1. For the chain, what proportion of DSSP beta bridges, expressed in % and rounded to the nearest 5, is antiparallel?
2. Mind listing the phi-derived Karplus ³J(HN,Hα) values for segment 58-75, rounded to whole Hz, using 6.51, -1.76 and 1.60 with θ = phi - 60°, and x for any glycine or proline?
3. What residues qualify as long-range amide H neighbours of Lys169, i.e. H under 5 Å apart, gap of 5 or more or another chain, H built at 1.01 Å from N?
4. How long is segment 39-119 along each principal axis, judged by its Cα atoms, biggest number first, in Å?
5. What fraction of the Cα pairs in the chain, stated in percent, has a spacing above 27 angstrom?
Amino acid sequence: MTPHLIVSYLTSRAGGPGSGKGTQCANIVEHFGYTHLSAGDLLRAEAQSGSKNGTMIENMMSEGVIVPSEITIKLLEKAMLENENDKFLIDGFPRNEENRAAFESITGIEPEFVLFFDCSEEEMERRLLTRNQGRVDDNIDTIRKRFKVFLESSLDVINYYNSKGKVKKIDAGKPAGEVFEAVKAVFAPIR
Ligand code: ADP
Ligand code: C5P
Ligand code: MG
C-alpha cells in the first residue's frame with residue numbers, strides 16, 4: 001500500500017488549516033479514484049461516537065492541539081484496512097514529527113509524495129472564518145492557536161520529507177479551480 005499523503009507545508013508566511021486540503025482532496029477523488037482520509041474528520045467522528053477517548057479528543061480539538069498519535073493512527077489504519085482501494089489521500093497528517101515517525105513505524109507505510117499547499121495566513125484565516133461547518137475550532141481564538149501549533153510542530157515533518165525530495169509545492173492562495181489545475185499536473189503523470 002503506498003498512500004499519497006497530503007499535508008500542508010509552511011513557509012515563513014504560511015500555515016496550514018484552511019489552505020484547501022479537503023476541497024482539493026474531493027476533486028482528486030473524483031478525477032483520480034483515490035480514497036480520501038482526513039485525520040481531522042476521523043477524529044471528529046470519533047469524538048462524536050461517544051467512545052472512551054471522545055471527550056478528550058473533543059477538548060483537544062477545541063484547543064487546536066495535536067491528539068496523541070496512537071489514537072489518530074489507529075483510526076487511519078482501520079479506515080485503510082476497511083477499504084479495498086490501494087490509493088489513499090491522507091489529509092492533515094502527519095502534523096508533527098511524532099505523528100510521522102509513529103505512523104511509519106507502526107504501519108510500515110511511507111508516502112509516495114507530499115503536497116504542500118502554500119497559502120498566506122490572512123487568506124487561510126478568511127477562509128476558516130467563513131467555512132460555516134459548525135466546527136468548534138473555526139473561531140478566531142482557536143484559529144490563532146492552530147496557526148501557532150502548525151508553525152511550531154509541522155516544519156520538522158516537511159523538512160524531513162523535503163530532504164527525501166518528496167514535497168510538491170502548490171500555490172493554494174488562488175481560486176479553487178486554478179489550484180486544482182496545479183494539483184492535476186501532479187497527479188496526471190502517475191494515474
Ligand atoms: P482545509 O481542509 O485545508 O482546512 P478546506 O478545504 O476545508 O480547508 O477549505 C476551507 C474553506 O475555504 C472552505 O470553506 C472552502 O470552501 C474554502 N476554500 C477552499 N479552497 C479555496 C480557494 N482556493 N479559494 C477560496 N476559498 C477556498
Ligand atoms: O485537519 P483539520 O483542520 O480538520 O484538523 C482539526 C484538528 O484535529 C486539529 O486542530 C487537531 O486538534 C486535530 N488533529 C490532530 N492530529 C492530526 C490531524 C488533526 O490532532 N493529525
Ligand atoms: Mg480539512
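Here, each number is a calculation from the coordinates, and none is a lab measurement. Please read all numbers here as calculations on a predicted model, not as lab measurements.
1. Details: 1 of 15 bridges.
In the chain, approximately 5 percent of DSSP beta bridges are antiparallel ones.
2. 3J(HN,Hα) across segment 58-75, in whole Hz: 4, 5, 5, 5, 5, 8, x, 9, 7, 5, x, 3, 4, 5, 5, 5, 4, 5.
3. Excluding prolines and chain starts, which carry no amide H, the hits are Phe116.
4. That works out to 34, 33, 23 Å along the principal axes.
5. Working: 4124 of 18145 pairs.
Value for the chain (Cα pairs over 27 Å): 23 percent.
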